[in-house]
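Structure, as structure tokens:
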Amino acid sequence: MDGTTRRVLVLGDANVDLTLHVPVRQPDGRRVVREPVVSPGGTAANTARALGVLGVPVSFAGAVGDDAFGRQVARDLAACGVDTSALAVTQADATCQVIAMVEPDGERSLVVWPPDGGALRWLRLEDVPADAVERAAWLHTTGMCLRDGPVRDTVLAVMAQARAARVPVSIDLNLRVELWGLDAERRAAVERAIALADVVLGSGPEELAPLAAAMGQRSAGTAVPEVEAAAHVLAGGARTVVARMGGEGALACTPDGGIVRSPAFAVEVANVVGAGDAFNAGFIAARVEGLDLPDALRWGNAVAARRVARAAGSPGLPGRTEVEALLD
């Protein structure tokens, strides 16, 4: 940071995505083997990259291993204009890999290696400069890092620092409750993170509704399956909750209980991977530039629309000119 430009600080997970296609056997007995595809990944890192390509000053704080994948993560972030001075390199574990094995019919099986998340768990508070937090224009993080320590404690401490410095804070839930559950310790961390957030983002049916149901069962004895009702529960009269709704666009519940809806843009969908992270980047870019909530939702939808129109494995992220053309 140069002391004059206020950056978005993104805190969280960075990994590589490895796509392996199961060999296809032809009628003549030959096997067709496709080359594996390695691409940058991680919900937080994806959002940072998308912000950088949109021209928003952005820094990333996270942890990678001292390995080839970790060095690739650093290169990919830098290539998108992201400041990586707070990217920690740890000897304790390997850079996380999300391995997708794709069957000939298109079905996918996902494997995370190491299973506990690897190096991304080892981000410590001392790795994140306090002045970078206090001088940030916005702090964004992810629930992916609330599963285990020490990164869980780091995320919560940095969110608290930002709130104390009056820096707007957002969190993308990304909890995968259906896969990992929500035991008492993780629930407490999630509730603390939500309490520290000005904006909570997540997939409406896949993240907001299950989490609100879990919290509702504890407090009121009833589940909350509807996305709009879930957004009200999580907003709690104190924050904005944004529900990403795929082809239906997005809706937001404001602290006063109002609902704002924004329809999706009509595009031909080629690949939905990374759509949520792209939405987050568009939303944050608009907010730090002073746009109101409806316009920020439109920006999120526009960046996501441009992202999903790209084929799987496409390295390109939508730039500002491309997004503004769609908005116009």
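The values are calculated or read from the model by the stated rules, or taken from the named source; none is laboratory data. Small disclaimer: the values here were computed from a predicted structure and weren't measured. Note that we place each Cβ from the backbone using ideal geometry, even for glycine, and neighbour counts take in every protein chain shown.
Would it be correct to say that VAL24 is more than 28 Å from ALA304 (Cβ to Cβ), in contact with a strand residue (DSSP E or B) (Cβ under 6 Å, 6 or more places away or on another chain), surrounded by fewer than 17 Cβ atoms within 10 Å (Cβ to Cβ) and in contact (Cβ under 8 Å) with a residue 12 or more places away in the chain?
Judged against the criteria, VAL24 is a match.
Each row is one residue, and each column tells you yes or no for (1) farther than 24 Å from VAL102 by Cα; (2) in contact with a strand residue (DSSP E or B) (Cβ under 7 Å, 6 or more places away or on another chain).
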| site | (1), (2) |
| --- | --- |
| THR240 | yes, yes |
| ALA270 | no, no |
| GLY274 | no, no |
| VAL303 | yes, no |
| VAL308 | no, no |
| LEU317 | no, no |
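Considering the range 28-69, the residues that are modelled with pLDDT of 90 or more and among the hydroxyl-bearing types (Ser, Thr, Tyr) include one that is nearest to LEU146 (Cα to Cα), namely THR43.
Is the range 316-324 home to any residue that is in contact (Cβ under 8 Å) with a residue 60 or more places away in the chain and polar (S, T, N, Q)?
Pass one, the range 316-324, residues in contact (Cβ under 8 Å) with a residue 60 or more places away in the chain: 317-320, 323.
Checking which are polar (S, T, N, Q) leaves us with none.
Scanning the range 316-324 turns up no residue that is in contact (Cβ under 8 Å) with a residue 60 or more places away in the chain and polar (S, T, N, Q).
Candidates in the range 27-44 are the residues that are part of a strand (DSSP E or B) and more than 32 Å from the chain's Cα centre (by Cα); of these, the one that is surrounded by the fewest Cβ atoms within 10 Å (Cβ to Cβ) is ARG31. Given the condition surrounded by fewer than 16 Cβ atoms within 10 Å (Cβ to Cβ) and among the small types (Gly, Ala, Ser), answer yes or no: does some residue in the range 269-287 qualify? Yes, that holds for at least one residue.
Looking across LEU293, LEU326, one residue alone is closer than 25 Å to ARG7 by Cα and surrounded by 16 or more Cβ atoms within 10 Å (Cβ to Cβ). It is LEU293.
Being under 27 Å from VAL33 (Cβ atoms) and under 19 Å from the mean Cα position of the chain (by Cα) is the filter; apply it to the range 76-109 and report the residue that is surrounded by the most Cβ atoms within 10 Å (Cβ to Cβ).
Taking the range 76-109 as the starting set, the residues that turn out to be under 27 Å from VAL33 (Cβ atoms) are 76, 94-109.
Among the residues that remain, those that are also under 19 Å from the mean Cα position of the chain (by Cα) are: 76, 95-100.
On the way: ASP76: 19, THR95: 26, CYS96: 29, GLN97: 17, VAL98: 17, ILE99: 15, ALA100: 17.
Going through the qualifying residues, I end up with CYS96.
Residues in the range 57-95 that are farther than 23 Å from ILE284 by Cβ and polar (S, T, N, Q): GLN72, THR90, GLN91, THR95.
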